[in-house]
Structure formats: structure tokens, C-alpha cells
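Enquirer: What follows is a single structure, and I will ask about it in a moment.
The values are calculated or read from the model by the stated rules, or taken from the named source; none is laboratory data. Nothing here was measured: the structure is a model prediction, and the numbers come from that model. Cβ coordinates were reconstructed from backbone atoms using ideal geometry, including for glycine residues, and neighbour counts include every protein chain displayed. These accessible areas exclude ligands, DNA and RNA; they are computed on the full protein's heavy atoms, side chains included. Shrake-Rupley method; radii C 1.70, N 1.55, O 1.52, S 1.80 Å.
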Amino acid sequence: MTTFIVQRLLSLIPLVLAVALFSFVLIDAAPGDFLTELSLNPHVSPETIASLRTKYGLDRPWYIQYFKWVRGMATGDFGYSFSYNRPVLDLIGERVINTSLLALISLLFALTISIPFGVIAALYRYKWIDKVLCSFSFLILSFPSLFLSLLAMLFAASSGWFPIGGTRSLGYENLSSIRKLTDFLHHAFLPALVLSLRMSAIYVRQVRVTLLDVLSQDYIRTARAKGLPKRMVIFKHGLRNALNPLISMFGNSLASLLSGAFVVEVVISWPGIGSLTLTALLSRDPYLLMACLTYASILLLGGNLLADLLLAFTDPRVRFVRANP
Amino acid sequence: MLSARFHDYDGVLSWSAAASRRLRSGVETSTTPSWRKQAKQACALQRVPGELLLEVKNLQTHFSLDQGVIKAADGVDLRVAQGETLALVGESGCGKTVTALSILRLIDEPGRIAGGSITFKGQDLLRLTESEMLRIRGKEIAMVFQEPMSSLNPVLTVGDQVAEAVQVHLKKSKKEALRLATAVLRAVGIPDPDRRIADYPHQLSGGACQRLMIAMALSCNPSLLIADEPTSSLDGITQAQILDVLARLKAEFNLSLLLITHNLGLVAQFADRVAVMYTGKIVEDAPVNAIFKNPKHPYTVGLLNSIPRLSHGNPRVRRVKFRSIDGNVPDLLALPPGCTFAPRCPDRMAKCPMSFPEPTPLDARHIVRCFKFDPQAVPD
């Protein structure tokens, strides 16, 4: 198992490098660079622009920039953000944590919402509760995240139950550690809920369909023929098998959570990677953008790795293949 | 290890009673597990041979589909006595499995049991509540299914799957249940059961999976075992081994067996009585000798004629080409009027398409549903 994890982690490196290379090419292919906007300013002379371009290394071809960046990465130097005038590492550190926590909380939300509702929908198939759940999840899927975020903002503003934006209240530093945690969760609740809604809607339908499929399998009939009580048949024999496709989906969900976070973070002003990526993209800040994209690809690949490990944990057939290659 | 190999080899050669006796007197009696002893004692107290155990009367199991109602079981009558083996035979789709699942009340939507009675040990199973039924399933009536591989849960260990019924029905702790599971696995001839209980079904062969199914079914010492084509998906040698196990344990525990099959060779070896089923009805019910030596219903005759005989190359055996029954099993949504076998029947009479013949007793144990044997029927 350890060998497998190490192998997978090592295989992350070339993948991340390839993603970075691709991103560099794309950024280079886009017209203009970080200084284009500045050069439109009549008060800034073309000489200043040229010297700045040399200073930032933007006059070099993209592959030189790429290799410089890779060399920097190897020593833990993520480069310099031109627009913030700070090292990239300083910028993204806290934001990575914020976004990761947001993603984690919304994942937990999605699972706690979707598994029970999915099971209910499957057990009461074609009954009114199933129809309500299915239509409701379809409704949520057809809402854009932007709309849901605005709705959440409206709710927070009109009810006053939740803070609008940010990760912490004023005077956060003076709170006890437990109060710090509850304060953070209080702030994270709405953005995480909005972020998890779409995923829950997908998961509810997924759990329903796979559980229905599993419940029609022969081994469920065997379990019933043994005289096991219904809840044991459904949860021990049914749900355990139905969770496997959900776990496979979960690997990709982490990355899609991030793309969902783009909108939610910007609208609800959550200081995370999503809003930072948008800033980097708009101001054509190459190294900052690279760091954001690298984080996104690590999240995707790491999520898949995590899903594989979880699957090996829940499905003995996966384990068996690994044990005897 | 030696005993296990001996056992398997023995199974390959023959599963005759003599071989089983030799087997039991040889290796296994010295290490008879307490499970067996207890189970045997329980059987000796409760199971009086010949006493009526299960009686199915006029069972109606219907499936309501958009296209119409399928009567998968349409007035099925069955009787299984204590210690008896009843073989339920018929072509695919004639309602054998539905009948078995109806006895356990495992018919799912859109199917439902529309009528009749299923009397088991004096109580009508159709009148029991679902929670009372849970105490019958697995404990009193157990079932072995056709596809052992897909009938086992892939994510639970072998030991867990055998032990869970023991935990539920016999109220044993997990540890005790696992110990009992090991004993039952040994009894069905799975080698090295102490290690196998930690395995998952995909690590076992098809034959071992079916042994496991039998172990699961027998773990709570049921009175009636329903075996739904227990060997159809296995190869010949494994079939023989599985049948050996079934025969041995059946004799040991005086088990009653409802054997669902379309393998008439199996019927000849195993059954005490045979019920022949066609389009949801029992058309002939007779002791096994009568069925093979003196079949009455034209459908039974047709079934027997369709067995290929191994006469090739043997000069002493007359080469008999096997004949199939003309036509196909009718669509259950569009059954022919009257006797459903009439369109395929070589002895068809004018009144056959008018109505389905009632059961006619030829003697105390031989019942047939055909106008040829109905004394009230006026010959043409």
C-alpha cells in the first residue's frame, strides 16, 4: 500500500509539470501581458515599460520563463506576484487553507445531505417523497451558482444570522481557540452550503440510482432470504456496495468544487484561491496564475488518489488486485 | 489437508450413498464439530419423517405489467413431507423460481401473491406479518440460489456472511457465530475454513461459492431447504461435489428439500417425488419411479423424451435419438385457451382448448392434470 501511495505521489510531479507547461503556453499565446495595461497610460514612458519588462523577465521567450519557474519551484520559490508586489508563496498560503477548508466543509455537507436523501429517494421510489427530492435536485442543478450565491447573500443580509463575506469577525485575535473555530465555521457555513448544493443534487441522484441498482442484485435477495431485518439488508448489504461509485465520483468532485468556488468566493467575498485566480487572470500576473493552476491540478490529482485509497479500503476486490500485481 | 483432498476426489468419483457413508465413517466422525452434534440432536427431537411439513395450496402469484397480468404461479399445489425431497421440474420461465420465492414471501413489486395458502408446520405463511416472516426466512426455510457468485455480497467476508444469520436467528455473539460458521464451512467441505472465513467471495471458486451458499443456508439448521437450480452454473465435476455435499447433509439432518431443476438426471438421483410444472401450474405430481417408468402427462413424456441418451459407440445400447417437444413455451401474456399445453400436445383432443383439466388422482400419490385421465371427461 505504501509503495502504491509513493508511486502515485511521484507520478504527480511530471503531471504537475505538464500542466504548468501547458498553462505557460496558453498564457503566452494570449495577447498582451502584465504591462500592457500600464503601457496604455500616457504618463508612463515606453522606456520605463521596456525596463520593467526586462526586470520582470517578460521579454524572454516563454520556455525560458518556464524553466526559470521550474527551477524556482524545485527550491520552494514560487516566483513573484507583479500585481501584489509580494512573493506568490506569501499570497497563496492562507488562501489555499481557506479554500481547502471551504471545499472540505462543503464536501461534508454534500455527503451528509445526499446520502440520507438518496437512500430515502431509493427506498420510496416513485412515491411522492422521491418525486419531490428528484425534482428539487433537478431544480438546484438548473440554478447557476451565481444565483445561489446571491440568494445566500440576500438571506444573510435580511436574516442577520450569518456574516456577509470574510472568514473571521472583528476582534478574532482575542477569541479563545474554541470561539475562533466556531467563528470560522459561522463564516464558512453559507459559502460551503452554496458550494455543496450542486454537488448534493448530483450525489442524491447518484446514490438513488446506484442503491436501486444494488438492491436489485442477487446478493440482496440472498440477504433477505436469510431473514435479516430490512435495515440490515439496506445498510449493511446495500449501501456499502452503493458507496463505491460515489467514492469514485468524489475524486473529481474536489476539482469541480474549486471551479464552483471561483464564483462563490468572488460573490460572497471569501478570501480563497478562487478569487485570487480571478485577480491573477484579469491582471495577467503569470507566476501567481501558475501557482493557482498548480494548486488546482494538485487538488484534482490528489482527490483522485484519495478516492482510489478510499475505494481500496471499502472494496475488497480493489485491494486484492493491488496485493497481487 | 489429506482429508480435504480425499473428500474432493471422492466427490469426483461418485456421490453415491455408499461413498458418503465411507467418507463419514472415515475421517470426519473423529472430528465431528459440536454444531453437527447439536443440530443432529435437534433434528432427532423435532423431525418426524413422513409428517407433512409444507403444503402449498392454489398459490397465485401475479405480476401486473403494463402489457397485462402475468400469472407466474397460477394455482400451484405442492406438498413436502418431513425428510422428503420434492423435485420441481419444468422448462425455464414456467414459474418454478417464483413458486420458491413465494414460499419465502420474497416477491417484489410489480409481483404479488394474489391468493392461495402456504401452510408450513401448521401455520399459514401468507397470514404472518413481515416481522414474523423474518423468523421463518433463513431459520426455518433456507434457500440456495442458482448463481453462487452473484448471490454473495462482494464486500463482506465469507465468515461474516455465514455468521450474520446465526447472529440474528440464534442470538449468538459475533465470536460464537464465527466459530459456528467455521464448523459449517468444514461440514460443507471447504478446506481450511479457519483461514477462509477472512476471505472475500471473489477469492473463491464457483464450486466453493456454492458450498458457501449451502453453508449459509444450513447454518441455522432449517427444516426445509429450497435449492433453486443449485448446480446449473457449475461444471460437471463441481456439480457432482456439490450434490455429494447436499446428499450427505440432507441425510444427516433429515432435511426436507425442495429441489428446483430442469436437470432430470439430478431428479432421478435425488428426488423422492417429482412435481412437473408448466405455465404456472403443476401438471403432474408423482413419486420419482412413477415419473420415470410410467409418466402420464404428455408434457412429462415429452420432457423425458428430450433427455439425450449416452448410447454412442456402445453396441449394447440401442441408439435413441432424442426428441424435443414441438413448439415453444407459450408467452405468459398470451396463453392459449384451455389446457395451455394443448397446442404442443401430441395427444390433443377436441375438448382440450375448452378448459384446463382439473387435478385427477390416479392413485394415492400420483396426480395428473390431463383430460386423458379424467374419468368425467367424455371421450370424443
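Enquirer: For the range A:282-316, name all the residues that are acidic (D, E) and part of a helix (DSSP H, G or I).
Expert: Once the filter is applied, which keeps residues that are acidic (D, E) and part of a helix (DSSP H, G or I), the range A:282-316 yields only A:D308.
Enquirer: Could you check how many residues of the range B:97-128 are more than 13 Å from chain A (Cβ to nearest Cβ), among the β-branched types (V, I, T) and either open to solvent by 40 Å² or more (accessible area, probe 1.4 Å) or assigned to a strand (DSSP E or B) (or both)?
Expert: Looking only at that region, the number is 3.
Enquirer: State the number of residues belonging to the range A:262-286 that are touching a strand residue (DSSP E or B) at 6+ places or on another chain (Cβ under 8 Å) and at pLDDT below 85.
Expert: 1
Enquirer: Where the second residue is small (G, A, S) and the first is within 8 Å of another protein chain (Cβ to nearest Cβ) and lies in the range A:217-239, which pairs have Cβ atoms under 6 Å and are six or more apart or on separate chains?
Expert: Close Cβ pairs satisfying both conditions: A:D218/B:S150; A:D218/B:S151; A:Y219/B:S151; A:T222/B:S151; A:K226/B:G138; A:K226/B:A165; A:G227/B:G138; A:H237/A:A223.
Enquirer: If you don't mind, another one. Do we find that B:V76 is at pLDDT 90 or above, open to solvent by less than 10 Å² (accessible area, probe 1.4 Å) and not in a loop (DSSP other than H, G, I, E, B) in this structure?
Expert: Spelling it out, B:V76 is indeed at pLDDT 90 or above, open to solvent by less than 10 Å² (accessible area, probe 1.4 Å) and not in a loop (DSSP other than H, G, I, E, B).
Enquirer: Next up: When you go through B:A163, B:A215 one by one, which is the residue that is more than 23 Å from the chain's Cα centre (by Cα) and small (G, A, S)?
Expert: B:A163
Enquirer: Please report, ordered by residue number, the helices (runs of 4 or more DSSP H) entirely within the range A:25-114 with at least 3 residues that are over 30 Å from A:F250 (Cα atoms) and modelled with pLDDT of 80 or more.
Expert: The qualifying helices (runs of 4 or more DSSP H) are A:46-56, A:62-74.
Enquirer: I would also like to ask the following. So, of the residues in the range A:131-147 that are at pLDDT below 85 and in a helix (DSSP H, G or I), which turns out to be surrounded by the fewest Cβ atoms within 10 Å (Cβ to Cβ)?
Expert: A:L146
Enquirer: So A:G251 ticks every box in (1) open to solvent by 30 Å² or more (accessible area, probe 1.4 Å); (2) under 22 Å from the mean Cα position of the chain (by Cα); (3) not acidic (D, E) but one. Which box is left unticked?
Expert: (1)
Enquirer: Would you tally the residues in the range B:129-167 being assigned to a helix (DSSP H, G or I) and farther than 25 Å from B:D192 by Cα?
Expert: So the count comes out to 7.
Enquirer: Could you grab me the full set of residues in the range B:169-205 that are within 14 Å of chain A (Cβ to nearest Cβ) and within 16 Å of B:L234 (Cβ to Cβ)?
Expert: Correct list: B:P201, B:L204.
Enquirer: On the basis of being of a type outside the set (F, W, Y) and more than 15 Å from B:K57 (Cα to Cα), does B:L106 make the cut?
Expert: Yes.
Enquirer: Have a look at B:L234, B:L212, B:L204 and point out the one that is buried (at least 23 other Cβ atoms within 10 Å of the Cβ), of a type outside the set (F, W, Y) and farther than 21 Å from B:R105 by Cα.
Expert: Testing whether each residue is buried (at least 23 other Cβ atoms within 10 Å of the Cβ), of a type outside the set (F, W, Y) and farther than 21 Å from B:R105 by Cα leaves just B:L212.
Enquirer: Would you confirm whether or not the range A:194-211 contains a residue that is more than 23 Å from A:L257 (Cβ to Cβ), surrounded by 17 or more Cβ atoms within 10 Å (Cβ to Cβ) and either more than 12 Å from chain B (Cβ to nearest Cβ) or without any contact (Cβ under 8 Å) to a residue 12 or more places away in the chain (or both)?
Expert: yes
Enquirer: Then there is this: What tally of residues in the range B:137-160 results from selecting those that are at the interface with another protein chain (Cβ under 8 Å from one of its Cβ atoms), more than 17 Å from the chain's Cα centre (by Cα) and over 25 Å from B:R179 (Cβ atoms)?
Expert: Of the residues in the range B:137-160, 1 are at the interface with another protein chain (Cβ under 8 Å from one of its Cβ atoms), more than 17 Å from the chain's Cα centre (by Cα) and over 25 Å from B:R179 (Cβ atoms).
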